[in-house]
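What follows is a set of notes on a single structure, which appears directly below.
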């Protein structure tokens with residue numbers, strides 16, 4: 001890594017002009033930095049912003065179209081997670097590779113700043129991070145004095161029945177989301193970041209609120225009723241008896257980008273409705 005003496009970001013040809021993003025979050029960040037035009041292809045999971053709709057799709061982390069990537073002649077590839085084939089391809093072809101870390105909200109901030117440096121948009125990156133921090137701190141302050149409910153967060157399962165449930169342990173942006181929104185993560189004591197959990201363990205832990213993040217699900221009143229009934233069939237615990245079961249189908253419910261503040265805000269309203277009843 002060579003840095004310019006004046007640290008003003010890359011000069012001339014060093015600025016990435018043909019960028020491929022293999023995850024939706026980095027595409028959002030690059031567009032938020034005002035350099036959306038440099039993106040020539042995105043992953044199939046890219047949902048935002050709308051101006052990326054027409055860009056080439058090159059698959060996802062586990063099924064990237066390597067031939068298409070080569071044909072597009074990118075000068076920067078942004079990858080979330082690891083894919084040996086992509087890493088090898090970039091090494092062989094001399095394509096610059098940037099790994100965006102997104103496990104925590106701190107990682108998201110770091111990625112914003114590092115991508116800002118790559119694109120020479122440090123000023124925008126700094127402002128974006130400051131705005132995120134300000135928004136999160138506002139949410140934190142609003143719920144600071146409230147009793148914290150114990151929250152079960154489910155982000156994956158079989159839609160037709162309650163099996164293969166995945167939740168979050170500590171060290172993830174989902175865990176941070178629960179805490180910032182004014183809740184206690186029911187599984188904060190786990191060793192794994194994304195453990196699979198049993199219904200017995202849920203009943204034993206007695207959550208006050210259940211929140212399911214279902215970005216892939218097309219929700220209808222009928223489906224919502226059925227999914228609610230599934231939980232009522234599990235047993236009697238506070239979230240069920242007070243019917244505090246919520247399904248969030250926002251398409252960015254699992255995408256750790258600057259827009260994630262909106263999801264945290266929503267969850268905060270569900271956990272603390274009393275704070276939002278009056279202006």
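Table for the structure above
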{"item": "Candidates 95, 264, 22: whichever shows maximal mean-square fluctuation once the chain is modelled as a Gaussian network with Cα springs under 10 Å", "result": "95"}
{"item": "Within the chain, helix-based [θ] at 222 nm, where runs of 4 or more DSSP H residues each add -39,500 (n - 2.57), nearest 500", "result": "-11000 deg cm²/dmol"}
{"item": "Order of 232, 252, 82, 99 under a 10 Å beta carbon neighbour criterion, fewest first", "result": "82, 232, 99, 252"}
{"item": "q = 0.20, 0.30 Å⁻¹, the stretch 20-59: log10 I(q)/I(0) [Debye, one scatterer per Cα]", "result": "-0.44, -1.06"}
{"item": "Cα long-axis angle, helix 260-271 against the chain (0 to 90 degrees, to the nearest 10)", "result": "10"}
{"item": "Helix 221-232 vs. the chain, principal-axis angle (Cα, 0 to 90°, nearest 10)", "result": "60"}
{"item": "Cα-based helix-to-principal-axis angle, 122-143 vs the chain, degrees rounded to 10", "result": "10"}
{"item": "Relative exposure of 62, 119, judged by other C-beta atoms within 10 Å (fewest first)", "result": "62, 119"}
{"item": "DSSP-defined antiparallel bridges as percent of all bridges, the chain, nearest 5", "result": "10"}
{"item": "Whole-number percent relative contact order across the stretch 145-276, with pairs defined as alpha carbons under 8 Å at least 6 apart", "result": "28"}
{"item": "Sequence-separation-based contact order of the chain, relative, with Cα cut under 8 Å and 6+ spacing, percent", "result": "16"}
{"item": "Length-normalised contact order of the stretch 67-117 in % [C-alpha pairs under 8 Å, at least 6 apart]", "result": "32"}
{"item": "Footprinting exposure proxy for 109, 51 (fewest neighbouring C-beta atoms within 10 Å first)", "result": "51, 109"}
{"item": "Convex hull volume per residue for the stretch 131-279, taking Cα atoms only, in Å³", "result": "115"}
{"item": "Cα shape, the stretch 12-134, gyration tensor, a/c 1.5 rule", "result": "prolate"}
{"item": "Quarter of the Cα convex hull surface for the chain, i.e. its orientation-mean projected area (nm²)", "result": "16.9"}
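Every number in this text was worked out from the coordinates using simple rules, so none of it is lab data. All values reported here derive from a predicted model rather than from experimental measurement. Backbone-built Cβ (ideal geometry, glycine too); neighbour counts: all protein chains shown.
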